[in-house]
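Asker: Dumping the structure here so I can ask a few things about it.
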Amino acid sequence: MDSGMTSMWRARVLTIFPDMFPGPLGVSLLGQALDRGLWSIDAIDIRAFAEDKHASVDDLPFGGGPGMVMRPDVVGRAIESAQTADPDLQVVYVTPRGTPLQQAQVKTLAAGPGIITVCGRFEGIDQRVMEAYPGEEVSLGDYVLSGGELPAMTLIDACVRLLPGVIGAEASLEEESFESGLLEYPQYTRPRTWRGMDVPDVLLSGHHENVKVWRNSQAEEITRQRRPDLWDRHQRGNI
Ligand code: SAH
């Protein structure tokens, strides 16, 4: 499914497991948006760019040590082919050594034409690839996964849900966690009483200003307790 020359947001994913895509990105609102042509995804098999008879994509690390490293010649050809097909896309490497992904970066990537994401496997990718094809290096968090495919899906999900028309109520995007630099306030729905616990009165009052004040104070309190790092930044921003 090649996206061709359109202005839809495009993801080109370089992976040795192209069958994993679109996977979870093909269901629900993102899947419907994919069907409606609001975005596109091309999963490209890195192995198709191997040239030896075993189609190897990895080799032993120079200097010794455990595991295997993805070869620069093979990954390089895969990136080059994706760039030739769509030169406007931003290259993004997913790696535990990258900058932790934040909503601000997601917004910037979503506002552009799309991304070429390179998924590592084994011990990662030969360093020279990142030098030959500079791109953003993004981490999903301080833990190690077995491959870059889930991080790539996470990144694409975060971008696509921001595209116009993907999520029905765009206002719902504005009140979310991180938008104001705070975590989101707690949410409630029916029934009004469940297991002896009542929904806070203020939410039933119909008084929009009071609801807003309550939600804001809850968001502040939760952020202060759970994420002192965000709270500090929020307070500095407010000075
Ligand atoms: N040896 C590497 C880890 C390799 S894990 C190290 O210690 O840094 C294999 C691949 O999974 C990586 O190349 C990367 O693409 C992906 N990956 C693993 N953890 C990740 C994380 N926290 N964020 C983004 N990508 C990750």
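Asker: Do the conditions hold for V166, that is, is it under 30 Å from I16 (Cα atoms), more than 11 Å from the ligand (Cβ to nearest atom) and of a type outside the set (D, E, K, R)?
Answerer: Judged against the criteria, V166 is a match.
Residue-by-condition table, conditions (1) under 13 Å from the mean Cα position of the chain (by Cα); (2) not hydroxyl-bearing (S, T, Y):
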position	(1), (2)
A82	no, yes
P87	no, yes
T99	yes, no
Q102	yes, yes
A111	no, yes
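Asker: Moving on to the next point. Within the set of pairs 6+ apart or on separate chains, which have a first residue in the range 105-128 that is in contact (Cβ under 8 Å) with a residue 12 or more places away in the chain, a second that is open to solvent by 10 Å² or more (accessible area, probe 1.4 Å) and acidic (D, E), and C-beta atoms under 7 Å apart?
Answerer: P113/D88; F122/D58
Asker: Among S28, S7, which is exposed (fewer than 12 other Cβ atoms within 10 Å of the Cβ) and touching a residue at least 60 places away in the same chain (Cβ under 8 Å)?
Answerer: So the residue among S28, S7 that is exposed (fewer than 12 other Cβ atoms within 10 Å of the Cβ) and touching a residue at least 60 places away in the same chain (Cβ under 8 Å) is S7.
Asker: Can you tell me which condition I116 does not meet? The list is (1) more than 9 Å from the ligand (Cβ to nearest atom); (2) in a strand (DSSP E or B); (3) open to solvent by 40 Å² or more (accessible area, probe 1.4 Å), and all the others hold.
Answerer: Going through (1) more than 9 Å from the ligand (Cβ to nearest atom); (2) in a strand (DSSP E or B); (3) open to solvent by 40 Å² or more (accessible area, probe 1.4 Å) one by one, I116 breaks only (3).
Asker: Next up: Filter the range 58-82 down to residues that are assigned to a loop (DSSP other than H, G, I, E, B) and surrounded by 14 or more Cβ atoms within 10 Å (Cβ to Cβ), then give me how many there are.
Answerer: Within the range 58-82, residues that are assigned to a loop (DSSP other than H, G, I, E, B) and surrounded by 14 or more Cβ atoms within 10 Å (Cβ to Cβ) number 3.
Asker: Let me ask something else about it. I'd like the residue in the range 208-235 that is more than 27 Å from the chain's Cα centre (by Cα) and exposed (fewer than 10 other Cβ atoms within 10 Å of the Cβ) and, out of all such residues, is farthest from Y188 (Cα to Cα).
Answerer: E209
For (1) out of contact with any Phe, Trp or Tyr (no Cβ under 8 Å at 6 or more places or on another chain); (2) touching a residue at least 24 places away in the same chain (Cβ under 8 Å); (3) on the phi > 0 side of the Ramachandran plot; (4) not in a helix (DSSP H, G or I), each residue gets a yes or a no:
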residue	(1), (2), (3), (4)
M153	no, yes, no, no
A158	yes, yes, no, no
I167	yes, yes, no, yes
S180	yes, yes, no, yes
P186	yes, yes, no, yes
L203	no, no, no, no
V211	yes, no, no, no
N216	no, yes, no, no
T223	no, yes, no, no
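Asker: For the range 89-104, indicate whether the set of residues that are hydrophobic (A, V, I, L, M, F, W, C) and in a helix (DSSP H, G or I) is non-empty.
Answerer: Checked against the condition, which is being hydrophobic (A, V, I, L, M, F, W, C) and in a helix (DSSP H, G or I), the range 89-104 yields at least one hit.
Asker: Follow-up question, since we're still on this one. Given the criterion closer than 28 Å to E80 by Cα and either in the same structural domain as M68 (by TED's automatic domain parsing) or modelled with pLDDT of 95 or more (or both), identify the matching residue among G147, G206.
Answerer: G147
Asker: Also, quick follow-up: Whether any residue in the range 94-106 is open to solvent by 60 Å² or more (accessible area, probe 1.4 Å) and more than 11 Å from the ligand (Cβ to nearest atom) is what I want to check.
Answerer: Yes, there is a match, as at least one residue in the range 94-106 is open to solvent by 60 Å² or more (accessible area, probe 1.4 Å) and more than 11 Å from the ligand (Cβ to nearest atom).
Asker: Tell me whether the range 56-71 contains one or more residues that are within 14 Å of the ligand (Cβ to nearest atom) and β-branched (V, I, T).
Answerer: Yes: the range 56-71 contains one or more residues that are within 14 Å of the ligand (Cβ to nearest atom) and β-branched (V, I, T).
Asker: In the range 132-149, is there at least one residue being in contact (Cβ under 8 Å) with a residue 40 or more places away in the chain, under 26 Å from D35 (Cβ atoms) and open to solvent by 30 Å² or more (accessible area, probe 1.4 Å)?
Answerer: No, because not a single residue in the range 132-149 is in contact (Cβ under 8 Å) with a residue 40 or more places away in the chain, under 26 Å from D35 (Cβ atoms) and open to solvent by 30 Å² or more (accessible area, probe 1.4 Å).
The values are calculated or read from the model by the stated rules, or taken from the named source; none is laboratory data. Predicted model only: the values in this text are computed from it and were never measured. FYI the Cβ positions are ideal-geometry reconstructions off the backbone, even for glycines, and counts take in every protein chain you see. We work out accessible area using only protein heavy atoms, side chains counted, and drop any ligands, DNA or RNA first. Shrake-Rupley method; radii C 1.70, N 1.55, O 1.52, S 1.80 Å.
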